[in-house]
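Below: one structure in structure tokens.
FYI, it's all coordinate maths here, none of it is from the lab. On a predicted model such as this, the values are computed, not experimentally measured, just so you know. Backbone-built Cβ (ideal geometry, glycine too); neighbour counts: all protein chains shown.
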Amino acid sequence: MKEIYQHFRKEEHEKITMLNGKFEIASRDYYPILLDFLDPREQMIVTSLAGLHSGLRVEFYGGPGERERQRAMIVPELLEVSEADFEITVFELEYPEKFVKLTHRNILGAVMNVGVDRSLIGDIVVGGKIQFAVAAPYAPLFHQTLTRIRNAPVVLTEVPHESFIEPVDDGKPMSILVASFRLDAIISEVIKEGRAKSKTRVEKGKVKVNHSIVENPSFIMETGDTVSIRHFGRFKVTQLIAETKKGKYRLEVRVYRDG
């Protein structure tokens, strides 16, 4: 078990220990263990842990098709599970579109104001329709609480999973050149501002990496990390393209601006 820690950040060790405990329970009790919604980084951690536990496998589901946020289930061998076992409710949101325009940020803010942890919320899709997934036991709370967004009345309707639309990737690719993988250095290049300003932005708690606030400007980024910047949007580090002869790094990121 100890060797797996060296492959992940120190800040993630506590989460790794907690998740490994779930594997041990599944193995001991020979019973499937359902986890909350996980972001792609957390899914990678769980997949890595599964390799340490023979006799167990991990299945992911966040709705049909490709989903960024998915629930994970740790399953002992020979046992079968169905999509219903993942306990996911999909809501479709209706509102008076003639009078107000709702963006992904508006929806996420309103959903978080219900008072549940982010881990209980799956993908939020804003397109021709607005839909989002939640952990099923909390569906009644959303019905009761989420009745207005931006002073507009909203109505939630549960829809079958096969009606859950897939998100459209509207990000724009960008190539940047950085001297290091520091968080402030990458932010500076992506949003085209001075390094000092990016450093201050991080220190003031206006930046999240993989949905957690990071206040250390020297935080080292990795491929696959998603950075959210207040009042800007988010971007994902998708690829290290090359290292230049002068020791700099050319990275590819995908940028999503706030709508």
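Once Rh is set to the Kirkwood radius over Cα pairs, what Stokes-Einstein translational diffusion coefficient, in µm²/s, holds for the range 172-257 at a temperature of 20 °C and a viscosity of 1.002 mPa s?
On the way: Rh = 12.6 Å.
Stokes-Einstein gives a translational diffusion coefficient of 170 µm²/s.
Restricted to Cα positions, what overall size does the chain have along the principal axes? Three whole-Å values, descending.
Principal extents (Cα only, largest first): 56, 54, 29 Å.
Taking the range 129-213, which GluC sites (Glu not before Pro) meet the DSSP loop condition and have no more than 12 other C-beta atoms within 10 Å? If you can, show how the numbers build up before the last one.
Numbers: sites: Glu158, Glu162, Glu189, Glu193, Glu203; in loops: Glu193.
Loop-located and lightly packed - none at all.
Turning to a different aspect of this structure: Excluding residues fewer than 8 places away in the same chain, name every one of the lysines whose C-alpha is closer than 18 Å to that of Lys236.
Lys172, Lys192, Lys206, Lys208
Listing Asp169, Asp123, Asp39 from the residue with the fewest other Cβ atoms within 10 Å to the one with the most, what is the order?
Working: Asp169 10, Asp123 21, Asp39 17.
Ascending Cβ contact count within 10 Å gives the list Asp169, Asp39, Asp123.
If you don't mind, there's one more thing I want to ask. What translational diffusion coefficient, in µm²/s and rounded to a whole number, does the Stokes-Einstein relation yield for the range 99-219 at 20 °C and a viscosity of 1.002 mPa s, taking the hydrodynamic radius as the Kirkwood radius over Cα pairs?
Details: Rh = 17.1 Å.
This corresponds to a translational diffusion coefficient of 126 µm²/s.
Could you state the orientation-averaged shadow area of the convex hull built on the Cα atoms of the range 1-102, in nm² to one decimal?
8.7
If you look at just the Cα atoms of the range 72-128, how large are its Rg and its Dmax in Å?
Calculated on Cα positions, Rg and Dmax stand at 15.9, 54 Å.
Go through the range 4-83 and name the GluC sites (Glu not before Pro) that are in a DSSP coil and have 10 or fewer other Cβ atoms within 10 Å of their Cβ. Walk me through the numbers before you get to the answer.
Working: sites: Glu11, Glu12, Glu14, Glu24, Glu42, Glu59, Glu66, Glu68, Glu77, Glu80, Glu83; in loops: Glu66, Glu68, Glu77, Glu80.
Passing sites in the range 4-83 are Glu77, Glu80.
Can you tell me the alpha carbon radius of gyration of the range 87-163 divided by the globular rule-of-thumb value 2.2 N^0.38 Å?
Values: Rg = 11.5 Å, N = 77, 2.2 N^0.38 = 11.5 Å.
Scaled against compact globular proteins, the figure is 1.00.
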